Structures are given as C-alpha cells and as structure tokens.
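First comes the structure, then the notes that go with it.
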Amino acid sequence: MSIQAPTAVDPKCIVLQNIWIDCFRSVLGQVAGLPVTVEAATEAESAEAGAEQDKPQVWLLFSATKALEGDMAIVTAETGTLPLAQMLVSEPPDPAVAIDKDRWDAYEELIRQVLGQVATGLKCVAGGEVEVKQSGSEAPTWKEVTRLGIRIAGEKLPSTHVTLVVTPELAKSLEASSKPQEAPPPASQEMLSSGPELSAARSTNLELLLDARLDATIRFGQKRMLLREVLDLHPGTAVALDRQVEEPVELLVGGRMVARGEVVIVDGNYGLRITEILTPQQRIESLRT
C-alpha cells in the first residue's frame, strides 16, 4: 500500500511523535536496564525506510477516543520487530532466528506497554481522559496521513526504524485540544529535580509514598511453557530458564525490574548484591506504569 505524506508536518503531530519517543525510551530503558537511544529519524533515515515499503511490513493500528478522536499506527519492517521482541524476552540479539508466534506476541506486548504510557501522555496534551486501543494489524486505507520516523538503538539493540502514522482526524483533534502543546507527557517528566533537592510540591507528594510497602522479588529467569508442559510437571522435573548461570539476576519491585545483581548469602538467607540499578527517576517511573 502506498501512503503519501503531506509536505508540511503539523506541529501537533510533532508533539505526538515526541510523546511516542519519550514512552519508547522509558519502556525500553526499563526492559534493557541500560540507556536506550530513541530519537526522531533524520530525513535520510525516513527516506530509506520509505523506500522499503515494498518489503514485508508490520502494522499495529490504534484508535483514540474521549478527549481525542482519530487513528494512528506504528509501522516497522518485519525484520525490525525481531530485535525489539528479543529485548523484551531477554533474548540475545540474533537476526538469524525466525519471527515465530512467541516473538510476535513479545513485540505486541512491548508496543502495548509503550501505548499505555502514550495514553497518559496524551491526557496531558488533550486536557482530559484519552483512551487508546489497538484496532487492527492490517495495512489501512487512510489518505493524506502524516508519517514520522523514530530511530531506536542501544547497547543490546541494533538500530531499528519505526514509523508513526497519524491520520488527519487525529491531527485535527490534537489541534482542537485545550492544553498547550508544551505540556510534557508523564513518561518524560523529571520526577526528581535536577538539583540536589526536590521542589517543595514534589517533595511533599513523594514523602506521602515513602512508607508504602512494595513486594520485592528476585527473578533468576523465566520460561514460556505450554499448558500441557505445566500439567506434566512432577517432583524431580528440571525446568531450564532463559538465563545463564553467570548472568545477573533481576530485582523486581511491584513486578517491574529496578536492578540486577548477584545472589549472596546474608545471615543464612539468600540475598542480592546489586551490581546494576536504574536511576531514582527511572525507578519511580517504573513503579508508576
């Protein structure tokens, strides 16, 4: 399918692109445990991606309702879904492996996590509740859409290009929103001040939460199993996980990874010596999603 983009990009679409960039950066940073570069693609990169439209592409369509109305989509080359899926399941990058159902499901889950933060970011822009739901995975017949490239790269992630496609209806809805476009999405807000102290308002809000009890779990690894395999488990069964013995284990708080480390014994109990940890801001953002 050929979709023609307008020559001039609506500033509101740039705001939407920045929200997706911030949310991709937030989610991928949590998944990887390391900084991930997410930025607007250059014209050359976008042109290169556009020249590959005849190759297999993966579309994920989303519809916005309530304070905003319209459609958008995330598009990437079929091969571009693989490194993102591998990152989510903590699988070493390997472009030679097949994009099977499990990896496709992992890619969809990653985009859903990003979308959850995007919906919150749109709420700030629109000045009201925004509901965004996946509406399909087939190439649409939208006309006069805006296409905006996003480049993703990192230590554990080869350079990947995704395209945000925005319909005129959604762009018009953004233009009519009551909030100024400067309002940043929660995924990119500095929850901690750049100085040594929090602002008074933020400090007060944070102090109210510091005594909240959270469940902490150490994860040695994980494995996707068929139901029949689960039913066949019995005493003595060995279940191989996706992590090597020498690899660090993960510390999860509220189901979200906040640190990695090595297992130690503390007063006769298992413990974790932390070797890698998210920044305080990243840890707070992780618990908010």
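The values are calculated or read from the model by the stated rules, or taken from the named source; none is laboratory data. Note that the structure is a prediction, hence the values are computed from the model and not measured. Cβ placement follows ideal geometry from the backbone for every residue including glycine, while neighbour counts extend to all protein chains displayed.
General observations
- Of all residues in the stretch 256-289 being of a type in the set (Gly, Ala, Ser) and within 28 Å of Thr120 (Cα to Cα), the one that is modelled with the lowest pLDDT: Ser286
- All conditions in (1) under 23 Å from Arg256 (Cα atoms); (2) at pLDDT 95 or above hold for Val36, with the sole exception of (2).
- Lone qualifier among Thr42, Thr76 - being among the polar types (S, T, N, Q) and surrounded by fewer than 15 Cβ atoms within 10 Å (Cβ to Cβ): Thr42
- When Glu169, Glu197 are checked against the criterion of being at pLDDT 90 or above and not β-branched (Val, Ile, Thr), a single residue qualifies: Glu169.
- Tally of residues being touching a residue at least 40 places away in the same chain (Cβ under 8 Å) and either of a type outside the set (A, V, I, L, M, F, W, C) or over 24 Å from Gly255 (Cα atoms) (or both) across the stretch 93-112: 5
- Scanning the stretch 128-174 for residues that are of a type in the set (D, E, K, R) and either in contact with an Asp or Glu (Cβ under 9 Å, 6 or more places away or on another chain) or not assigned by TED's automatic domain parsing to the domain that holds Glu91 (or both) gives Arg151, Glu169, Lys172.
- Filter pass, Leu115 being farther than 23 Å from Leu28 by Cα, in contact (Cβ under 8 Å) with a residue 40 or more places away in the chain and in contact with a Leu (Cβ under 9 Å, 6 or more places away or on another chain): no
- Here the strands (runs of 3 or more DSSP E) wholly within the stretch 211-279 that include at least 1 residues being over 22 Å from Val27 (Cβ atoms) and out of contact with any Leu (no Cβ under 9 Å at 6 or more places or on another chain) are 256-266, 269-277.
- Cross-chain or 6+ apart pairs with Cβ under 9 Å, the stretch 232-253 first and farther than 26 Å from Thr275 by Cα and without any contact (Cβ under 8 Å) to a residue 12 or more places away in the chain, then outside any loop (DSSP other than H, G, I, E, B) and of a type outside the set (A, V, I, L, M, F, W, C): none
- Check on Arg103, over 15 Å from Phe62 (Cβ atoms) and more than 15 Å from the chain's Cα centre (by Cα): yes
- Across the stretch 131-151, the number of residues qualifying as in a strand (DSSP E or B) and more than 18 Å from the chain's Cα centre (by Cα) comes to 4.
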